[in-house]
1. Name the pairs whose Cβ atoms lie under 8 Å apart, with the first residue in the stretch 491-513 and on the phi > 0 side of the Ramachandran plot, the second part of a helix (DSSP H, G or I) and open to solvent by less than 30 Å² (accessible area, probe 1.4 Å), and 6 or more positions between them or separate chains?
2. Go through the stretch 337-350 and give me each residue that's farther than 16 Å from Lys527 by Cβ and either over 29 Å from the mean Cα position of the chain (by Cα) or part of a loop (DSSP other than H, G, I, E, B) (or both).
3. Restricting the stretch 278-300 to residues that are of a type in the set (Asp, Glu) and assigned to a loop (DSSP other than H, G, I, E, B), which is farthest from Ser92 (Cα to Cα)?
4. Answer yes or no: is there a residue in the stretch 123-131 that is over 19 Å from Ala219 (Cα atoms) and either surrounded by 13 or more Cβ atoms within 10 Å (Cβ to Cβ) or over 29 Å from the mean Cα position of the chain (by Cα) (or both).
5. Got a sec? Which of Ala508, Ala497 is among the aliphatic types (A, V, I, L, M) and out of contact with any helix residue (DSSP H, G or I) (no Cβ under 8 Å at 6 or more places or on another chain)?
6. Out of the residues in the stretch 266-277 that are out of contact with any Ser or Thr (no Cβ under 9 Å at 6 or more places or on another chain) and part of a loop (DSSP other than H, G, I, E, B), state the one that is nearest to Ile244 (Cα to Cα).
7. Inside the stretch 351-365, can you point out the residues that are in a loop (DSSP other than H, G, I, E, B), of a type in the set (Asp, Glu) and without any contact (Cβ under 8 Å) to a residue 24 or more places away in the chain?
8. Please go through the stretch 492-505 and give me each residue that is open to solvent by 10 Å² or more (accessible area, probe 1.4 Å) and out of contact with any Ser or Thr (no Cβ under 6 Å at 6 or more places or on another chain), ordered by number.
Amino acid sequence: MLGIGALTSCSDKLELTNPNQQTTATYGSTVADLEESVIACYNHIRMEGSYARVGYNIDVCRADEVWNSSQVWYMPFDDLNDPATDEINMWSWREWYYTINVCNYVLSRVGQDYSALSDQMKYIAGQALFLRGLSYYNLAGYYQNPTIITDYEQYSTLEGLYAANTEADDVAADGSYDPNAQYDRVWDLIEVDFSEAMELLPAKTIGGEWAKGRATSGAAAGYYARALMMRHKYSEALTVLKAIINGQYGQYRLMDNYGDNFREGSAYENNDESLFEVQFLDYGSQGTDDEWTPVNTSPNATQGHAIESNYGPGDCGGWADLSVSPWLYNLFKAERTTSGSLDPRLYWTVGTYEPEWEDFEYGNVAYTTKLTADNYLVTNNNYGGLPIAKNTNLRTGIYDKVVTGLHCGINLRMMRYSDVLLRAAECENEVNGPTAQAIEWINQVRRRAQLRDLSLSDFSSKDKLFEQIANVERPKEFGCEFGRGFDLLRWGFFYSADRLQQLKEHGAFNFWTKADYENGVITYTPKDPVDYATRSKSSFDTYVDGHEFLPIFQTTLNDNPNLRGNSANYNWSNAAYFSSKGWTVHPVVK
């Protein structure tokens, strides 16, 4: 009887839940669980296909400020003719859907009535909405017609996993369809996610982790304005941008030193100019395991990025993949500061020797090697190219050569206050321009660079001021940063013959080797302007209709019977869609 009693008394106690084997039924019911889930959302935005390497550099490649000096890695993206069979183009798709998955899980647990939530739960929901909006922002900008998945419960069926990216009304009787119908639906979702996040999140000024990298109302408002501008909703975007400038979503200002936006360390990162940046561990505090996978599972993962490895010159230990276009370099050289010196932004953008840099910041250095006037530092020894200094330690003196792999610790500033000011100027010009207010917002950015003020009398038309913003102010402020490719999409530069020719001229370059130069085979230098007629190549010469976007990976299409390709899969032009919206491409103005 004692034995039977003992067995009976033990039976209930054996029905335990193992905390190390949690399921969706046992996890996510507490605020602490959801806080951990939000951290998982952030984790996915710093993967190789999101912002740690490929996902960041694809946009840099498809712009006119950078060219592929390796002539191998990133080549299809730089040439804007990536085939649907290229697996690398799937990595961003993969990473952003990982992020969406976790965000949807969080949102499925917080409930639909955000007004009834506690402040902490509102902040959790706001971060998930922001990061889901950010994911779809990247997916739409890269792939045009990605699948919309917002319901976590949808994943319990194959139909959910294989969700469609078209609706019945999109497909004509002959089977043809317009991928831009889905493009519009995705941007509708992005606008809703950012606008809701903007109201749920706190401002950066409340301090703590909100001042150290978490998404805030200011970040959401900034991205909401960006999303509105992608579809030329300039008046609505201007209202949001003015609210940011007026401090409604936190206090932001331009840093006195432009270079403070591209250094690592707590003294520089998450500064007063930053609306949102991707967090990476500083050099010296990282692990040792490079993880080129969708998820970092090692407790000793480096948690840095490889942007520096792609940009770093071969002679400095880098992979020598990408270089600054000669157009951008000479754009900087075309205008001097009020004291007659060079624009300080050139120092932090292009790794070149200049006499003016002898006593400026760290001087004429590439890592810790002193540059000289008679020694041209090029990215790739076989093809030449001006090195990209931005988001690398080429100018900071932290170490003597590139630490290749996922080791760079500089946080990537994805949106800065200078972007708010220049976007406000652009929207003001589109709605009312040209105006003195638009000029003043531009001048605030120029004054930091010690350039003379522009005057309203300099601009006789809206087109002329747009040209100044698009092809002078923005390239010099944001040169070689993520975002120019998105700008070219929204401006419609691929749908106008004169604008496409301008891109070809901007993207033109000449191959260069030191041996050929010293032997007199070539007489030009990597810094010289390039005559398009005698160029070695231009990235935009091989542009194919529809390839302003990336094709959806063919294996993904094969696996998903409900998924349809986009304009890049079929080489379809998007010019008719652009014009049907009433959007105009500004003509080229000298």
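1. Going by the 8 Å Cβ cut-off, the qualifying pairs are Gly492/Arg499; Gly492/Phe578.
2. Scanning the stretch 337-350 gives Thr337, Thr338, Ser339, Gly340, Ser341.
3. Ranking the candidates gives Asp282 first.
4. Checked against the condition, which is being over 19 Å from Ala219 (Cα atoms) and either surrounded by 13 or more Cβ atoms within 10 Å (Cβ to Cβ) or over 29 Å from the mean Cα position of the chain (by Cα) (or both), the stretch 123-131 yields no hits at all.
5. The match here is Ala497.
6. The selected residue is Asp272.
7. Answer for the stretch 351-365, where residues must be in a loop (DSSP other than H, G, I, E, B), of a type in the set (Asp, Glu) and without any contact (Cβ under 8 Å) to a residue 24 or more places away in the chain: Glu354, Glu358, Asp359.
8. Phe494, Tyr495, Ser496, Ala497, Asp498, Leu500, Gln501, Gln502, Glu505
The values are calculated or read from the model by the stated rules, or taken from the named source; none is laboratory data. Please read all numbers here as calculations on a predicted model, not as lab measurements. In this analysis, Cβ positions are derived from the backbone assuming ideal geometry, glycine residues included, and neighbour counts consider all displayed protein chains. Accessible surface is based on the protein model in full, side chains and every heavy atom, while ligands, DNA and RNA are left aside. Shrake-Rupley method; radii C 1.70, N 1.55, O 1.52, S 1.80 Å.
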